[in-house]
Each structure stands twice: as structure tokens, then as C-alpha cells.
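Asker: Pasting a structure below so you can have a look.
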Amino acid sequence: MLVKYTSILLIGVITLSSCASGYRPMLPRQMSFSSLEGEGIKYSYRYNVLSETRNKKYANKELKHGVKLIALQVQNTTDEEVILREHARFYTGDKQVLPLDPKQMQQQVKQPGGLYMLWSLLWLYYTKCEGFECNTIPIPIGVVIGLLNLSTASRANKDLLSELISNNILDKRIAPGETVTGLLGISSDGSLPLEIRLSR
């Protein structure tokens, strides 16, 4: 009896970058920041929070789509409440940049779960030969791989969105003298110094 195992990996699957990856929390409140600087509001920030927290898949999408996720710490030194979305403008260099809502940011960097179902094109062919007679049985092992990756990507994307929402500094009400820490997405493809200017 001759038993042979062969597999065919189609081009569409070969071109897949890799499997889906889980999400690692960024936890901006546990990050260290340099001294706060600024007028009206003092602030400090950190670029590359996705890569520093080993969320490589999301960091690559951040670079590809020209967006940046920033860990930001802000202290309100005015005598009025500050809401960054309403009272501040953001600049990198001399260019004003637009802040992104948590959902917008997640949409820009999320893992494309459906793409991983291309793994369903992967089949294992089991060939059993006795003498001159051979029988071949196709086994769709790629379906299982695809479903596992789809589940991993979907769960990771939900966890990312949840943390973006819970740490959304853009809509926080910052009382006079209060210091807050959170996450801010901006539309920018560089890492120039960030400037925050009060608009009122």
C-alpha cells in the first residue's frame, strides 16, 4: 500500500501576508510622559504607541493609511473647562491636522477579517494507492484556518475599538487644573512635533 500526502496552495493564499494577530492593550495611563509644556493647556505626547505595545499589524496599517495614534497627556491650566474637540486645534509642523473619532481610527487600521477566508482555498489531498488503483480525497483544511483567523481578527478589532473609546481624550471634559491621559488619532503620515492650540 502506498499512501501519499500532497497539498496545493493557491496563489491567492500564498500572497496573504500572514495569519491574524491578537490585540495587546496599550494602557496609556500606565505610560510615562515627558514634562508637560504649552500655554493655556500643558501637554505631552508619545508617537508609535501601536508598535511599542507590539501591535504590529495595526502599526503597519497606521503607516500605510497615513494616520497616527498618539498617547496624549493634557493639563488644563485655564480657569474654564476644556474639551479638545471643541476648544483646540492640532498641528504637526505648520500644518493643521484633523483628529479622528475612535471608530474612524479603528476603520483605518483594523485587520481585514474577511480576507483571511482566502485560506479556505487551501486543500489537502489524501491519495491512497493499492496496486494500480488510486483514490484521492480532498480535505478542506483551509476552511478551519480561515475561520480561526477570522475569529482572531474580529475579536482583536473589537478590543482595539473598545480601548480607543474608553481612552478617547478628544471628548473628555477637562476641568481647570485637571490632568487627563488618553489616546488621540490624527490624520498625518509623519511624526513631526505635535502642537495643540486653544481656539477660544
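Asker: So, of the residues in segment 26-39 that are touching a helix residue (DSSP H, G or I) at 6+ places or on another chain (Cβ under 9 Å) and in a loop (DSSP other than H, G, I, E, B), which turns out to be surrounded by the most Cβ atoms within 10 Å (Cβ to Cβ)?
Answerer: That would be 26.
Asker: Take segment 78-126 and flag every residue that is surrounded by 20 or more Cβ atoms within 10 Å (Cβ to Cβ), modelled with pLDDT of 95 or more and not in a strand (DSSP E or B).
Answerer: 84, 102, 105, 106, 109
Asker: Among residues belonging to segment 58-77 that are within 16 Å of residue 164 (Cα to Cα) and touching a residue at least 60 places away in the same chain (Cβ under 8 Å), point out the one that is surrounded by the most Cβ atoms within 10 Å (Cβ to Cβ).
Answerer: 69
Asker: Every residue in segment 137-171 that is crowded, with 17+ Cβ neighbours inside 10 Å and within 30 Å of residue 39 (Cα to Cα), please.
Answerer: 163, 164, 167, 168, 169, 170
Asker: Moving on. Answer with yes or no whether residue 131 is modelled with pLDDT under 95, over 20 Å from the mean Cα position of the chain (by Cα) and surrounded by 17 or more Cβ atoms within 10 Å (Cβ to Cβ).
Answerer: no
Asker: Just to verify a result, which residue in segment 172-189, among those that are assigned to a loop (DSSP other than H, G, I, E, B) and within 17 Å of the chain's Cα centre (by Cα), is surrounded by the fewest Cβ atoms within 10 Å (Cβ to Cβ)?
Answerer: Top of the filtered list is 189.
Asker: In the set 183, 161, which member is modelled with pLDDT of 95 or more, of a type in the set (A, V, I, L, M, F, W, C) and touching a Lys or Arg at 6+ places or on another chain (Cβ under 9 Å)?
Answerer: After ruling out the rest, the residue left standing is 161.
Asker: Right, here's the next one. Looking at segment 142-183, which of the residues that are among the basic types (Lys, Arg) and touching a residue at least 60 places away in the same chain (Cβ under 8 Å) is farthest from residue 90 (Cα to Cα)?
Answerer: 155
The values are calculated or read from the model by the stated rules, or taken from the named source; none is laboratory data. Since this is a predicted model, take the numbers as computed values, not measurements. Heads up, the Cβs are rebuilt from the backbone with ideal geometry, glycines too, and the neighbour counts pull from every protein chain shown.
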